[in-house]
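Accompanying notes for the structure given below.
Bear in mind these aren't lab numbers, they're just calculated from the coordinates by the rules spelled out. Bear in mind the structure is a predicted one, so any value in this text is a computation, not a measurement. Positions of Cβ are generated from backbone atoms using ideal geometry, with glycine treated the same way; all protein chains shown enter the neighbour counts.
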Amino acid sequence: MVALPSHAPAQGPAAPPGANPIIRDRFTADPAPLVIGDRLYLYVGHDEAGPGEMFNMREWLVYSTADMRHWTDHGPIMAVTDFKWAKKDAWAAQAIARNGRYWFYAAVEHDDTRPGKAIGVAVSDSPTGPFVDARGSALITNAMTPKGTHSWEDIDPTVLTDDDGTTWIAWGNRQAYIARLKPNMIELDGPITEITPPHFEEGPWLHKHGGLYYLTYASLDRTLHSDERVSYATARSLRGPWTYRGELTGSARNSFTIHPGIAEFRGRWYLFLHNAALRIGDRAGALGRRAVTVEYLHHNRDGTLRPVVQTDAGVSVPPSD
Ligand code: FUB
């Protein structure tokens, strides 16, 4: 039996709307926000690890909100087995709107025909799905990044459509990569370029603010820390060069992993993360039983981001500015 962390948040009705963690009836991880009109959709992986399991992730879920405090549960949008060529691991994903449809990029474990982690792309006519495999094969496989050192380097896709209408995809574990997508959203358009910033571990997230591109990611300086933190780099172009800007957060409570997802919604910026401080019944938070959180994010005038402190209050209280 794993002991309940003393800092585990109170459960039930006592927690005000907007307090962390924002989803309390299921374990969720790898948050990926998408703003469509007056709603923010939040795509997450469903953590179902049992005793002795590192991860057990079989499907992705989506929630939405109009006020950042009250969330609507839209249920599962896709199972990993809906990618017929994949065998397990519904890992980190991100959805993007383009050409009147919704494109969902997701990390999975490929079957033995192309061993290693891979990235698939699914499509739907609605942000709440259901999503279906858009090409019937992986968009990115381990063999496409031969310089990489391990079989799980091709995970955690993040997508951004630039001002010229071009969509880019970045991803990686230990090595970070970027490539342009064709307008059809299901093929790469040109070379894969390595852009690994300092201490990059996984979970990259691309966003743009004030003419500057941000690459925010889970970082791990193994000489100093044993758990991931969030760090970031900035650039004047998605092609780089990227300038390392340091750490944005500390590590997540009770969790080796942390995973950023960033969005602007109704004039405010938000940083979604996960920790492992939630308890549901007799199941305590763990490496494979995480909980999604959200904090306000502030861009400074000089292009830096104000360091983010992870709180229980989350966005249940007004921002400090
Ligand atoms: O949730 C499975 C994996 O753990 C993700 O792909 C990584 O970013 C880390 O959060």
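Mind checking which of HIS209, HIS46, HIS298 has the largest fluctuation in a GNM of the chain, springs on alpha carbons under 10 Å?
The residue that fluctuates most here is HIS209.
Semi-axes of the equivalent ellipsoid of the range 82-185: what are they in whole Å, largest first, if each equals the square root of 5 times a C-alpha gyration tensor eigenvalue?
Computed over the range 82-185, the values are 22, 17, 10 Å.
Just to be sure I understand: with springs between alpha-carbon atoms less than 10 Å apart, which residue in GLY100, GLY203, GLY288 has the highest mean-square fluctuation in the Gaussian network model of the chain?
Comparing GLY100, GLY203, GLY288 in a Gaussian network model of the chain, the most mobile one is GLY100.
Can you list residues whose amide H is under 5 Å from LEU305's amide H, if they're 5+ apart or on another chain and H is modeled 1.01 Å from N?
Hits under the 5 Å cutoff: ASN300.
Could you go through the range 28-43 in sequence order and give the Karplus-derived ³J(HN,Hα) for each residue, using 6.51 cos²θ - 1.76 cosθ + 1.60 with θ = phi - 60°, rounded to whole Hz, and x for Gly and Pro?
Here the 3J(HN,Hα) series is 9, 8, 6, x, 9, x, 9, 9, 10, x, 9, 10, 9, 9, 10, 8 Hz.
I want to verify the translational diffusion coefficient of the range 132-207 in µm²/s; compute it with Stokes-Einstein, Rh as the Kirkwood radius over Cα pairs, at 37 °C and 0.692 mPa s. Write down the numbers at each step before the final one.
Working: Rh = 12.9 Å.
Rounded to a whole number, D works out at 255 µm²/s.
If you plug each phi of the range 176-192 into the Karplus form 6.51 cos²θ - 1.76 cosθ + 1.60 with θ = phi - 60°, what whole-Hz ³J(HN,Hα) values come out, in order, with x for Gly and Pro?
Result, rounded to whole Hz: 10, 10, 9, 8, 8, 9, 5, x, 6, 6, 10, 9, 6, 10, x, x, 8.
Read phi for every residue in the range 53-61 and hand back ³J(HN,Hα) as whole Hz from Karplus 6.51 cos²θ - 1.76 cosθ + 1.60, θ = phi - 60°, with x for Gly and Pro.
So the Karplus estimates, Gly and Pro as x, are 8, 6, 10, 9, 10, 10, 7, 10, 10 Hz.
Taking the radius of gyration and the Kirkwood hydrodynamic radius from Cα positions alone, what is the Rg/Rh ratio for the range 2-297, to two decimal places? Don't skip to the answer; put the middle values down first.
Working: Rg = 17.8 Å, Rh = 19.0 Å.
With Rh from the inverse mean 1/r over Cα pairs, Rg/Rh is 0.93.
Do you know the Lys pair count in the range 2-297 for C-alpha distances under 18 Å, with sequence separation 8 or more or different chains? Kindly include the intermediate steps, with their values, before the conclusion.
On the way: LYS84/LYS117; LYS87/LYS117; LYS88/LYS117; LYS117/LYS147.
Taking the Cα cut-off of 18 Å, the pair count is 4.
Charges only on Cβ, +1 for Lys and Arg, -1 for Asp and Glu: so what's the dipole of the chain about the Cα centre, in debye to the nearest 20?
The dipole of the chain has a size of about 260 debye.
Name the long-range amide H neighbours of PHE27: under 5 Å, sequence gap of 5 or more, or other chain; modelled H, no Pro or chain starts.
ASP47
How many angstrom lie between the C-alpha centres of the range 54-90 and the range 155-234?
Centre-to-centre (Cα) distance: 21 Å.
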